[in-house]
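A.B. asks: Have a look at the structure that comes next, please.
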Amino acid sequence: MSRIKARFDALKAEGRGALIPYLQAYDPDLETSQRLLDSMPGAGADLIEIGVPFSDPSADGPTIQAAARRGLKAGATLCGVLGMVRRFREKDRETPVILMGYLNPIDSYGPAQFCKDAAASGVDGLIIVDLPKEEADLLEPDATANGLDIIRLVAPNAPDARLPYVLQGASGFIYYVSITGITGTRTASTEELGRALPRIRAVSALPVAIGFGIRTPEQAAAAARVGDAAVVASALIATLSDTLVEDRATEATLPAVLAQLSAFASAVRAG
């Protein structure tokens, strides 16, 4: 059983949804992002999503774009991100880790070698934003062979007729992009989510994580009630950014982000 399935099964038994916080690797530097990653489970993260910095993050809004630029400036590479996961696994063998990013760095690395190295590093799942189902054979066989979950994205405007095709071969969980647009720009209402989720559940029994626009603990709690998990990204990155001085971490950086994460976790658990 994968760590992702084991975690969702355990949370289902507890009767609650999951909180999935996001951090951008190497933002604003390797040491700070490593310490943030290592501290997230203690602050309430049920699963963790790590963004791989990329120069053209087409699905991301200004907040995460800026984080990607900081990460690249700090020297982020795909190999370096896997190193972060390896160091995290020295202390935590249970919390699922998902890499979220774009296909170009993986294609440059070599998909077969990447999947082998990612699994060996302790990665559990992959969200590749610009890899449509039609081109999944570029990565899916190697991911499956190495026990990596392929997590599909579903948008609000996906036709019902397309959903079975898109979700064929998906594993781990389904990432529901709750808005049409880029990350961090607006938030879907509970009513919108309530209409969307039955369409997905009619096609797949996988857990559904809701992301792209969850900014407050209350919104996270609502998303985890309607779905199975809430993904919080831009809100945490914005808090981190607000603590920086000339794009450098300060003494306030980690405490501010972890306090915000704890508030999200408390809301999801109470919800």
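The values are calculated or read from the model by the stated rules, or taken from the named source; none is laboratory data. Keep in mind that this is a model prediction, so the values were computed, not measured. Virtual Cβ from ideal backbone geometry, glycine too; neighbours counted across all protein chains shown.
A.B. asks: Pick from 220, 230, 256: which is assigned to a helix (DSSP H, G or I) and within 16 Å of the chain's Cα centre (by Cα)?
C.D. replies: Going through 220, 230, 256 in turn, just one is assigned to a helix (DSSP H, G or I) and within 16 Å of the chain's Cα centre (by Cα): 220.
A.B. asks: Would you be able to say whether some residue in region 152-171 is touching an Asp or Glu at 6+ places or on another chain (Cβ under 9 Å) and surrounded by 22 or more Cβ atoms within 10 Å (Cβ to Cβ)?
C.D. replies: No, there is no match, as no residue in region 152-171 is touching an Asp or Glu at 6+ places or on another chain (Cβ under 9 Å) and surrounded by 22 or more Cβ atoms within 10 Å (Cβ to Cβ).
A.B. asks: Give region 8-22 a look and list any residue that's surrounded by fewer than 23 Cβ atoms within 10 Å (Cβ to Cβ) and part of a helix (DSSP H, G or I), or say none.
C.D. replies: If the condition is that a residue be surrounded by fewer than 23 Cβ atoms within 10 Å (Cβ to Cβ) and part of a helix (DSSP H, G or I), then 9, 10, 11, 12, 13, 14 are the ones that fit.
A.B. asks: Could you give me the residue pairs with C-beta distances under 8 Å whose first residue belongs to region 138-152 and is without any contact (Cβ under 8 Å) to a residue 40 or more places away in the chain, whose second residue is charged (D, E, K, R) wherever it lies, and which are 6+ apart or on separate chains?
C.D. replies: 138/107; 142/116; 143/149; 146/116; 148/124; 150/140; 152/133
A.B. asks: Further question: Keeping to region 129-142, report how many residues are aliphatic (A, V, I, L, M) and under 17 Å from residue 52 (Cα atoms).
C.D. replies: Count: 3.
A.B. asks: Anything in region 141-178 that is among the acidic types (Asp, Glu) and at pLDDT below 95? List them, or say none.
C.D. replies: 160, the sole residue that qualifies.
A.B. asks: Hey, any hits in region 87-97 for a residue that's at pLDDT 95 or above, part of a strand (DSSP E or B) and in contact with a helix residue (DSSP H, G or I) (Cβ under 7 Å, 6 or more places away or on another chain)?
C.D. replies: Yes, because at least one residue in region 87-97 is at pLDDT 95 or above, part of a strand (DSSP E or B) and in contact with a helix residue (DSSP H, G or I) (Cβ under 7 Å, 6 or more places away or on another chain).
A.B. asks: What are the residue pairs meeting all of these: first residue in region 4-15, first residue more than 18 Å from residue 149 (Cα to Cα), second residue part of a loop (DSSP other than H, G, I, E, B), Cβ atoms under 7 Å, and 6 or more apart or on different chains?
C.D. replies: The qualifying pairs are 11/17; 11/46.
A.B. asks: From 72, 36, 78, 82, grab the single residue that is surrounded by 15 or more Cβ atoms within 10 Å (Cβ to Cβ) and in contact with a Phe, Trp or Tyr (Cβ under 7 Å, 6 or more places away or on another chain). So that I can check it myself, show each step before the final result.
C.D. replies: Values: 72 fails: in contact with a Phe, Trp or Tyr (Cβ under 7 Å, 6 or more places away or on another chain); 36 fails: in contact with a Phe, Trp or Tyr (Cβ under 7 Å, 6 or more places away or on another chain); 82 fails: in contact with a Phe, Trp or Tyr (Cβ under 7 Å, 6 or more places away or on another chain).
Answer to the selection: 78.
A.B. asks: Being of a type in the set (Gly, Ala, Ser), surrounded by 13 or more Cβ atoms within 10 Å (Cβ to Cβ) and either within 22 Å of residue 67 (Cβ to Cβ) or without any contact (Cβ under 8 Å) to a residue 24 or more places away in the chain (or both) is the filter here; which residues of region 85-116 pass it? Can you show your working first?
C.D. replies: We begin by selecting, within region 85-116, every residue of a type in the set (Gly, Ala, Ser); these are 101, 108, 110, 112.
From the residues that got through so far, the ones that are surrounded by 13 or more Cβ atoms within 10 Å (Cβ to Cβ) too are 101, 112.
Scanning region 85-116 gives a single hit, 101.
A.B. asks: Only one of (1) more than 19 Å from residue 97 (Cα to Cα); (2) within 15 Å of the chain's Cα centre (by Cα) is not met by residue 81, so which one is it?
C.D. replies: Of everything listed in (1) more than 19 Å from residue 97 (Cα to Cα); (2) within 15 Å of the chain's Cα centre (by Cα), residue 81 misses just condition (1).
A.B. asks: Out of curiosity, is residue 269 on the phi < 0 side of the Ramachandran plot, charged (D, E, K, R) and at pLDDT 95 or above?
C.D. replies: So residue 269 fits the description; yes.
A.B. asks: Follow-up question, since we're still on this one. Read through the list (1) modelled with pLDDT of 90 or more; (2) under 27 Å from residue 24 (Cα atoms); (3) among the small types (Gly, Ala, Ser); (4) surrounded by fewer than 19 Cβ atoms within 10 Å (Cβ to Cβ), then give the number of the only condition that residue 209 fails.
C.D. replies: (4)
A.B. asks: Which of the residues belonging to region 33-74 are in a loop (DSSP other than H, G, I, E, B), under 16 Å from the mean Cα position of the chain (by Cα) and closer than 18 Å to residue 254 by Cα?
C.D. replies: Passing the criteria: 44, 45.
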